[in-house]
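Student: Sending over a structure as structure tokens; questions will come in a sec.
The values are calculated or read from the model by the stated rules, or taken from the named source; none is laboratory data. In this text the structure is predicted, and so the values were computed from the model without any measurement. Cβ: placed from backbone, ideal geometry, glycine included. Neighbour counts: every protein chain shown. Protein only, heavy atoms only, side chains kept; ligands, DNA and RNA dropped before computing areas. Shrake-Rupley method; radii C 1.70, N 1.55, O 1.52, S 1.80 Å.
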Amino acid sequence: MEKAKNNSMETKVTDFILLGLSHPPNLRTFLFLVFLVIYILTQLGNMLILLTVWADPQLHVRPMYILLGVLSFLDMWLSTVIVPRIILSFTPTSKAIQFGGCVAQLYSFHFLGSTQCFLYTLMAYDRYLAICRPLHYPVLMNGRLCTVLVAGAWGAGSIHGTIQATLTFRLPYCGPNQVDYFFCDIPAVLRLACADTTINELVTFVDIGVVAASCFLLILLSYANIVYAILQIHTADGRRKTFSTCGSHLTVVTVYYVPCIFIYLRPGSKSPLDGAVAVFYTVVTPLLNPLIYTLRNKEVKSALRKLAGGGGATK
């Protein structure tokens with residue numbers, strides 16, 4: 001009898017209902033159009049960066065632009081994992097997502113997000129070498145080594161995503177199945193588990209905290225050395241030109257890490273701000289990255305003009 005009771009208690013949920021973003025009903029059509037436009041612009045902007053880096057022979061062999069191309073590729077996929085589900089939430093269609101689909105979305109998000117985290121660190125290291133060790137830069141950071149480091153970032157991101165998805169979905173889910181969020185993410189899904197989630201919350205806090213904090217500290221260390229090197233430049237024009245090459249990366253890192261810290265380093269939080277903050281780094285940041293790098297980078301703008309004029313292939 002007891003065994004039958006336990007089996008009944010652990011009846012598995014076959015799908016989840018994503019409740020989406022809270023919004024007034026009269027804004028549904030407007031929000032649908034806003035997120036649709038954001039998604040299209042994100043894909044087009046990042047695709048344009050990829051094509052520009054690939055088409056210009058002066059860019060696609062340089063580590064800085066190899067990393068920028070990988071970032072654009074990640075942003076395209078991160079946006080695809082999240083935004084279409086938000087768009088569907090503003091339509092009359094079913095908001096259900098299959099259990100396997102929820103697992104895949106959570107894994108993909110943390111895989112891509114952590115890979116992006118490692119990539120930002122590599123970009124900071126690349127700028128550190130270029131500015132602080134310019135004579136040794138071609139040896140310390142070449143195309144081949146950059147490719148190996150990027151592969152390592154992808155591998156580490158995959159391991160991180162696997163750990164998070166496995167820990168989250170090893171727990172029993174027996175109902176309710178309504179996820180009070182716009183995608184399957186750890187804090188929202190764990191609230192539906194039919195078991196104690198203390199260990200999961202602790203591991204998530206430590207795992208994501210260690211990854212994010214380590215990357216962030218390495219980035220800060222790189223830029224501390226960069227700032228020191230810039231201050232040694234005697235001319236104001238030289239300082240401004242050198243810092244401009246790093247300003248875009250600093251901007252992107254700031255808008256990525258601050259929201260992540262707000263969401264994941266506050267275990268058990270049910271703040272209504274969580275959804276709005278999550279929209280910023282899952283939806284807005286992938287849109288902003290191409291704009292930030294294009295508007296602040298003269299070489300990218302020059303390559304874009306060549307591409308637009310049919311002169312992408314230079315001698």
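Student: Take Leu145 and Arg305, extend 7 Å from each Cα along the Cα→Cβ direction, and tell me the distance between the two endpoints in nm.
Tutor: Result: 3.3 nm between the two label points.
Student: Another one. Taking the Cα centre of region 15-301 as the origin and placing charges on Cβ (Lys, Arg +1; Asp, Glu -1), which of Gly152, Tyr137, Thr93 is farthest toward the positive end of the dipole?
Tutor: It is Tyr137, whose Cα lies furthest towards the positive end.
Student: If packing is taken as the average number of other Cβ atoms within 10 Å across a peptide's residues, how do 142-149, 83-90 rank, most packed first? Could you put the intermediate results ahead of the total?
Tutor: Values: 142-149: 13.6, 83-90: 19.1.
Listed from highest to lowest mean packing, they are 83-90, 142-149.
Student: Explain nothing, just compute: Karplus ³J(HN,Hα) = 6.51 cos²θ - 1.76 cosθ + 1.60, θ = phi - 60°, for every residue of region 216-225 in order, whole Hz, x for Gly and Pro.
Tutor: Going residue by residue, I get 5, 5, 5, 5, 4, 5, 4, 6, 4, 5 Hz, with x marking Gly and Pro.
Student: Of all the accessible heavy-atom surface of region 15-301, with the other protein chains kept in place and a 1.4 Å probe, what percent is carbon and sulfur?
Tutor: Within region 15-301, the accessible surface is 71 percent carbon and sulfur.
Student: How much FRET efficiency would the formula 1/(1 + (r/R0)^6) give for Tyr137 and Val61, where r is the Cβ-Cβ distance and R0 is 22 Å, rounded to 0.05?
Tutor: Computed FRET efficiency for Tyr137 and Val61 comes out at 0.95.
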